[in-house]
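Each remark here refers to the structure printed beneath this line.
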Amino acid sequence: MARPGRLPVESTGEDRLVLHVDMDCFYAACERRREPELRGEPVIVGMGYEPGETSGAVATASYEARAHGVESAQSIERALELLARRETADPDAEPTAYYRPVDMSYYEDVSEQVRSVLSAYADVVRAVSIDEAYLDVTERTDWESVENFAADLKDEIAETVGVEASVGVAPTMSAAKIASDHDKPDGLTVIEPGNVRSFLAPLDVEDIHEVGPKTAAELAEMGIETASDLAAADPAALTDRFGERGRSIYRYARGEDDREVTPVGKPKSLSRETSLPAAQGDRETVREQVRTLAEAVADRANRRDALYRTIGIKVVTPPFDIHTRERSLSGPVDRPALVRSVALDLLTEFADCEVRKVGVFVSGLSFSAGDQASLGEWDDGGDGTGARSDSRPPADSPRLSGQTTLADFQ
């Protein structure tokens, strides 16, 4: 855990921090979110399925349903043989499950809420499907603190969205994905730099990125059954058999993966945040942490040639109450002293609170250096900051007070 008043050291490309977030049985989790009485019960979501019918295929089966042999892509007819409908069967006489048709519009809405949380935790988010995404958090935390960082992310998804996620942490994308699947459901696995190859070694070769059942069968014919076998294989022989993909899976099995998490479009905000070792009630300790975070955020904005129209803070108080406060400027600026001053001013509201986590962010980003506003264009409330002097937003700006969800922290 990083000490108060001290940010983690900036990481290099050699110790990049990648998170893979995988929502557990996502469609079933969404149905449970909508119908809490389904929690803990076998739930089967069918594609092409209508209530009372036997057509269609299983899109998602909860872990409780999987325990009875129900699997994705299985026919609904076969699933019904394993688990009868709860509504029409006697649960005391035979195993039963709740069946629901796919509701993609609803699942996409829930997915967007999850992505709002992810966007608050990372500047670089790459969603690869409706229920999984990669995050590069190299500039948000360090290896000493990342387990707590990832645990907080899982908690916020559960608290603010109402679904569970498994998270894998590793220095590479391929290893992070394997880590997220290692301890499902609701898992958290961290693979530190230098340990990737040894972590992968005992795994079945099919667990390696880009190795499916067909490739695994062909590898078995070559005497390759584990990741360790694959890592020790002759790369030339693998290339002869599988083409360039053979060399790729060889490198993945050895923990070698130089792919970067690439964002889609420019970021909406830049932020830094850190957890405190314990709920911290010392006012000056928290203020010093905010000063350090503000300087880091302003420096990152400067390095990216980003101007900002809004400066804000995020404060988490026990047990896990999330608050954001922000102040809008009259035009885009690049002024580190202003970021520090506004952040500290917003923090005064929490002077008597214990603080578990604190963050500073800038948003309303502009990447055109010619757009910067001058001091004379601002509404100066007499406090010397050039920002609005109270916490009341103009009519067309986001709300600035009251407890918020992370959907507001972007």
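No lab work stands behind these numbers, since they all come straight from the coordinates. Nothing here was measured: the structure is a model prediction, and the numbers come from that model. Here the Cβ is made from the backbone with ideal geometry for all residues, glycine too, and neighbour counts use every protein chain on show.
Some notes on this structure:
- Neighbour net charge for residue 40 - beta-carbon separation under 10 angstrom, K R +1, D E -1: -1
- Karplus-derived HN-Hα couplings along the stretch 303-313 (A = 6.51, B = -1.76, C = 1.60, θ = phi - 60°), whole Hz, x at Gly and Pro: 5, 9, 6, 9, 9, 9, 9, 9, 10, x, 10
- Computed over the alpha-carbon pairs of the stretch 269-367, the distance histogram in 10 Å steps reads 18, 52, 25, 6 percent, short to long.
- Each 10 Å bin from zero holds the following percent of Cα-Cα pairs in the stretch 140-251: 14, 39, 26, 16, 5.
- Dimensionless Rg/Rh of the stretch 25-102 - Kirkwood Rh, Rg from C-alpha atoms: 0.91
- Alpha carbon centroid spacing (whole Å) that separates the stretch 206-279 from the stretch 135-150: 21
- Across all directions, the average projected area of the convex hull around the alpha carbons of the stretch 175-323 is 13.2 nm².
- Kirkwood Rh and Cα Rg combined as Rg over Rh, evaluated for the stretch 223-277: 1.30
- Under 29 Å from the Cα of residue 154 - lysines, other chains or at least 8 residues apart: 177, 184, 266, 268, 314, 357
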